[in-house]
Amino acid sequence: MDVALQNRRSAARLALCATIGAFLVSLTALPAAGPAQAAPANAAGAAVGAAAGAAANILPHRAVYKMSLLSARNSSKVSDVRGRMLFEWADACDGWTTEQRFQLRFVYAEGDEMAMTTNYTTWEAKDGQRYRFNVRKLINGEEDEEVRGDARLAKDGTGTAVFSKPEPQDMELPPDTMFPTAHTLAVLDHAGAGDTFFNRVVFDGADSEGATEVSTVIGAAVQTKEDGADPLLKGKTAWPVRMAFFPLKSDSAQPEYEMSLRLLQNGVAESMQIDYGDFTVNAILEKVEALPRSGC
């Protein structure tokens, strides 16, 4: 593969990795999640129902994260990553909206640099059955790709995603598919129930490649610090979470990438690490502020 193309794909995956789950610490005590296991019958309906409980604790918020290279193997083509991400999770009465804006600069071992700006916005119905998505990516100031469309799910999780960009296409979604916010809420519900493993297929619309199988391992609950912490963060229950992402079109037993994060009961993530095997990127929460609740 052409080096420039390979670099661009690595950057694109990094810039959109946080779209699944709608959250952004280190997690070393938990085992790596393995290949996915089949979800039980009626899992889609049960997960949506359970997620309604987790939704009651969600804090609509705006957060800013500092992103940087944590580590890289000697064989890695990436020598440095720097930038920031703005993330918003808002309550829109009948749905949830999210917006993620990335500004990242990649430096490669051969000396090349690449600046990537990504804007990713979504709307997701609170019943978990309707979803709209729009992604726009700029490379070195020039438009590289735009992805846009909407998707619907039946109660069994089957459904269809309809893309209008980059080109019109319809995509079938397999049984027990979830959209990103519903998946986040389900992870929180499983964490609150003391479950240690959760596996589902998630469609986020980040690209036209389709849904991804996400295997999630949840660690023991801890309490955040009471002193010296932001009022929105202190005294909250938090869980270390590790997720492994397996593209449905791949037969590999190894995930495409893994994500480790510390997730609070109110949906705020304090930090995140994304491991691509040859390099790992760190995201640290710099600032968080509450957004108004819908009042609906």
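The values are calculated or read from the model by the stated rules, or taken from the named source; none is laboratory data. From a predicted model like this one, the values you see are computed outputs, not experimental measurements. Note: ideal-geometry Cβ built from the backbone for every residue, glycine included; neighbour counts use all protein chains shown. Ligands, DNA and RNA are excluded from the accessible area calculation, which covers all protein heavy atoms including side chains. Shrake-Rupley method; radii C 1.70, N 1.55, O 1.52, S 1.80 Å.
Give the lysines whose C-alpha is closer than 16 Å to that of K155, dropping any in the same chain fewer than 8 places away, or say none. Of all the lysines, those that pass the test against K155 - Cα under 16 Å, at least 8 places apart if same chain - are K126. Shape of segment 157-296 from the C-alpha gyration tensor: prolate (a/c of 1.5 or more and a/b above b/c, with a ≥ b ≥ c the square roots of its eigenvalues). Placing pseudo-labels 7 Å out from each Cα toward the beta carbon at T121 and C296 gives an inter-label distance of 1.7 nm.
Run the accessible area of segment 83-170 with a 1.4 Å probe and give the carbon-and-sulfur part as a rounded percent. After summing per-atom areas, the C and S share lands at 42 percent. Summarising the label geometry, the points placed 7 Å from Cα in the beta-carbon direction at D195 and E143 lie 4.1 nm from one another.
Highest mean first, the peptides 211-222, 154-165, 261-272, 178-189 sorted by other C-beta atoms within 10 Å per residue fall in the order 178-189, 261-272, 211-222, 154-165.
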